[in-house]
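Q: Have a look at the structure that comes next, please.
The values are calculated or read from the model by the stated rules, or taken from the named source; none is laboratory data. Keep in mind that what you see is a predicted model, and the values were worked out from it rather than measured.
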Amino acid sequence: MTVGPHFKEANNFLWPFKLSAPLGGLKKKRNHYVEGGDAGNREDYINELLRRMN
């Protein structure tokens, strides 16, 4: 889903909902997630990451 020509309006609406850094930080963020790091596609673990970032 994209907002296309309405990106600025959507971005301004979402601006107050900034997320902080995850509690406990990121471990091994230099490595991709499939290599045991924290960077990359989390797929099923995105909800856990968002909980840590609130």
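Q: Taking the conditions exactly as written (among the hydroxyl-bearing types (S, T, Y) and at pLDDT below 70), does Y45 satisfy them or not?
A: no
Q: Within the bounds of the range 15-22, is there any residue that is at pLDDT below 75 and more than 13 Å from the chain's Cα centre (by Cα)? Give the derivation first.
A: Let us first name the residues in the range 15-22 that are at pLDDT below 75, namely 19-22.
Subsequent filtering for residues that are more than 13 Å from the chain's Cα centre (by Cα) retains none.
The answer is no; no qualifying residue exists.
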